[in-house]
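S.K.: One structure, pasted below without further comment.
The values are calculated or read from the model by the stated rules, or taken from the named source; none is laboratory data. It should be emphasised that the depicted structure is a prediction, and the values quoted were computed from it without experimental measurement. Positions of Cβ are backbone-derived with ideal geometry, glycine not excepted, and every protein chain shown enters the neighbour counts.
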Amino acid sequence: MSSPHIAAAQAPVFELPGIRFTGHAAPSRGSTDSSVWIVELAPGTPGNPHQLTREEVIVAIDGRAVGTVNGREFALTAGDSLTVPPHTDFALANPFESTFRAVAVLPVGGQAIMGESTFTPPWAS
């Protein structure tokens, strides 16, 4: 069994242009029910439209962002949350001048859908 503790310095980091994912709970790190990560969007990062096969919950912890769920925009600031239903168009963008940080939770087994591709993000596996 993996250790139930993951030190911040030991959490795996995954990067895409303008986005950083810091993986915490996931099956590869001992979790059986929930995958949890911190997502950081650099200033000016556009949204990347996609869907998820399971419900995702995002809790803003710093900065501002715009979440778009099924064509409807929601302003996010520290303390706000956004629940994204499965199989619903979704994007998260940071058109602002400071970094946005949030905690995201996706049930184990949840996958991302982008175009014709369905995959488990590495920060959630």
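S.K.: Among (1) within 13 Å of the chain's Cα centre (by Cα); (2) outside any loop (DSSP other than H, G, I, E, B), there is one condition Ser28 misses while meeting the rest; what is its number?
M.R.: It is condition (1) that Ser28 fails.
S.K.: Among the residues of the range 71-100, which ones are surrounded by 18 or more Cβ atoms within 10 Å (Cβ to Cβ) and under 14 Å from Gly18 (Cα atoms)?
M.R.: Matches in the range 71-100: Leu92, Ala93, Asn94, Phe100.
S.K.: Can you name the residue in the range 55-83 that is touching a residue at least 12 places away in the same chain (Cβ under 8 Å) and over 18 Å from Glu40 (Cβ atoms) and is also farthest from the chain's Cα centre (by Cα) among such residues? Break it down stepwise before answering.
M.R.: Of all residues in the range 55-83, those touching a residue at least 12 places away in the same chain (Cβ under 8 Å) come to 55-71, 76-83.
In the following step, the residues that additionally are over 18 Å from Glu40 (Cβ atoms) were identified as 55, 68-71, 83.
Values: Glu55: 11, Thr68: 13, Val69: 14, Asn70: 17, Gly71: 18, Thr83: 11 Å.
Top of the filtered list is Gly71.
S.K.: Then there's this: Which residue is surrounded by the most Cβ atoms within 10 Å (Cβ to Cβ), if the candidates are limited to the range 103-125 and must be in contact with an Asp or Glu (Cβ under 8 Å, 6 or more places away or on another chain) and among the aliphatic types (A, V, I, L, M)? First the steps, then the outcome.
M.R.: Looking only at the range 103-125, we keep the residues that are in contact with an Asp or Glu (Cβ under 8 Å, 6 or more places away or on another chain), and these are 104-108, 110.
Adding the requirement that they be among the aliphatic types (A, V, I, L, M) leaves 104-106, 108.
Details: Ala104: 21, Val105: 19, Leu106: 26, Val108: 16.
For the range 103-125, the residue satisfying everything is Leu106.
S.K.: Same structure, new question: So, in the range 106-125, of the ones that are in a loop (DSSP other than H, G, I, E, B) and without any contact (Cβ under 8 Å) to a residue 60 or more places away in the chain, which residue ends up farthest from the chain's Cα centre (by Cα)?
M.R.: Taking the range 106-125 and keeping what is in a loop (DSSP other than H, G, I, E, B), we get 108-111, 115-116, 120-121, 125.
Add one more test, that the residue is without any contact (Cβ under 8 Å) to a residue 60 or more places away in the chain, and what stays is 109, 111, 115-116, 120.
Numbers: Gly109: 15, Gln111: 12, Gly115: 18, Glu116: 20, Thr120: 12 Å.
So, considering only residues that are in a loop (DSSP other than H, G, I, E, B) and without any contact (Cβ under 8 Å) to a residue 60 or more places away in the chain, the one farthest from the chain's Cα centre (by Cα) is Glu116.
S.K.: Between a residue in the range 93-105 that is in a loop (DSSP other than H, G, I, E, B) and any residue that is aliphatic (A, V, I, L, M), which pairs come within a Cβ distance under 7 Å, given they are 6 or more apart or on different chains?
M.R.: That search, which allows pairs on different chains as well, returns Pro95/Val66; Thr99/Leu41; Thr99/Ala42.
S.K.: Let me ask you something else. One residue is enough: does the range 1-16 have a residue meeting the conditions assigned to a strand (DSSP E or B), modelled with pLDDT of 95 or more and crowded, with 19+ Cβ neighbours inside 10 Å?
M.R.: No, that holds for no residue.
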